[in-house]
1. Inspect all residues belonging to the range 94-117 and state whether any of them is under 23 Å from residue 274 (Cα atoms) and touching a Ser or Thr at 6+ places or on another chain (Cβ under 7 Å).
2. Any residue at all in the range 103-114 that is touching a helix residue (DSSP H, G or I) at 6+ places or on another chain (Cβ under 7 Å), in contact (Cβ under 8 Å) with a residue 24 or more places away in the chain, of a type outside the set (Gly, Ala, Ser) and under 17 Å from residue 209 (Cα atoms)?
3. Enumerate the pairs (first residue in the range 227-238 and closer than 21 Å to residue 80 by Cβ and open to solvent by less than 50 Å² (accessible area, probe 1.4 Å); second residue anywhere and in a helix (DSSP H, G or I) and among the charged types (D, E, K, R)) with beta-carbon separation below 7 Å, excluding pairs fewer than 6 apart on the same chain, so at least 6 apart or on different chains.
4. Take the range 43-65 and flag every residue that is closer than 19 Å to residue 194 by Cα and free of Cβ contacts under 8 Å to residues at least 60 places away in the same chain.
5. What tally of residues in the range 118-128 results from selecting those that are out of contact with any Ser or Thr (no Cβ under 9 Å at 6 or more places or on another chain) and surrounded by 17 or more Cβ atoms within 10 Å (Cβ to Cβ)?
6. Tell me the helices (runs of 4 or more DSSP H) entirely within the range 231-333 that contain at least 1 residues that are hydroxyl-bearing (Ser, Thr, Tyr) and in contact with a Pro (Cβ under 8 Å, 6 or more places away or on another chain).
7. Residue 278 - would you say it is crowded, with 21+ Cβ neighbours inside 10 Å, touching a residue at least 24 places away in the same chain (Cβ under 8 Å) and closer than 30 Å to residue 171 by Cβ?
8. Take the residues of the range 97-116 that are open to solvent by 40 Å² or more (accessible area, probe 1.4 Å) and hydrophobic (A, V, I, L, M, F, W, C): which is nearest to residue 303 (Cα to Cα)?
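The values are calculated or read from the model by the stated rules, or taken from the named source; none is laboratory data. This one's a predicted model, so the numbers in the text were calculated from it and none came from an experiment. Counting neighbours? That spans all protein chains shown, and the Cβs are built from the backbone with ideal geometry, glycine included. Remember, those area values only see protein heavy atoms, side chains included, never the ligands or the DNA or RNA. Shrake-Rupley method; radii C 1.70, N 1.55, O 1.52, S 1.80 Å.
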Amino acid sequence: MTLPRSSSALTRRSVLAGSGAIVGAALLAGCARESAKASALRIAITGKGESDNRLLFKAAGITPDIPLAWSEFESGHLVVEAFNSGAVDFGGMSEIPPVFAAASSVQSFRQIGVYHGDVNNQAVLVPKGSTIASLRDLKGKRVGYVRATTTQYFLIRMLESVGLTWADITPIAMTVADGAAAFGQGGLDAWAIYGFPIQRAMAHDGARILSTALGFLSGNYIIAAHKDAIEDPVRHDWIARYLALVRKGYAWAAANQDPWAEVVAGSIGVPVEQVRDQFRRKSASFELRPVDDKAIASQQQVADVFSSAGLIPRKVDVHPLWDARFNPVLKET
């Protein structure tokens, strides 16, 4: 198996080989200056509740031994934008936002590993009292989703599974907050959404799950880092150490589902039984996985679905987005 490597790393080796010790010393000095600028590892947090590692670390009694600065985002495509603006060093997202980035001219991040986990907490919801009984009943309906996220992807695949296309519904791209408001006020016939809004809509609006994403999503969520952070020795080390903390947190959560459910329920404001029910229905617990051919092929399938549906401007190759240099820490047991 040939895994992708950073082109900037190859360039650096070439320069050192061809220009001798003087150029090498200059590069190292530059690297030291860049490291000195890094006062903390800037981490993107996407969503609330179970996906918030700040909450997980506190519940598990984990005290990070590296400086961390957190920023909150509603969805993965906003994390990509933050990478491109240089605002974050590290973040997680689904397989989908990087596909849209790959179709653009700017990709400031690399995908360094995989969080593999639950897909039953991604679903199409219908309002209380809705007569929609199957995916086929979505034809002609107003369906909310979050652009360039798992919701758009699994909605496409769900429609295809019953012989429908994107053109057979009225798709409405919305932020998570706008979607929650529209759904709660009766402005949508169905809502494709992920994470804690599912439990909140069920608890507060009487929503019903029409279909989860099981069988439509791979369960892979991307671990990404800014290219500059990967090349900076200080931030590179922080990323490796942060991944070790996440692994420790996931192990605690898997072994302590009841207390973890109580913490999550309190953070998102729903009855704890709603969260315990979601935990019982999990397709998988979260774990870290290294970059490998299977992960790359899974994301390539996602890219091909979007290009076939005409939702990205061209067919893309996702291989250049991946960087396997953190595989040693991701393979640790």
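1. Going through the range 94-117, the residues under 23 Å from residue 274 (Cα atoms) turn out to be 116-117.
Restricting the remaining residues to those that are touching a Ser or Thr at 6+ places or on another chain (Cβ under 7 Å) gives 117.
Yes; the residues of the range 94-117 include at least one that is under 23 Å from residue 274 (Cα atoms) and touching a Ser or Thr at 6+ places or on another chain (Cβ under 7 Å).
2. no
3. Pairs found: 229/235; 232/34.
4. Applying the first criterion (closer than 19 Å to residue 194 by Cα) to the range 43-65 yields 44-53, 55-56.
Answer for the range 43-65, where residues must be closer than 19 Å to residue 194 by Cα and free of Cβ contacts under 8 Å to residues at least 60 places away in the same chain: 44, 45, 46.
5. 3
6. 233-255
7. Details: crowded, with 21+ Cβ neighbours inside 10 Å: yes; touching a residue at least 24 places away in the same chain (Cβ under 8 Å): yes; closer than 30 Å to residue 171 by Cβ: yes.
Judged against the criteria, residue 278 is a match.
8. 100
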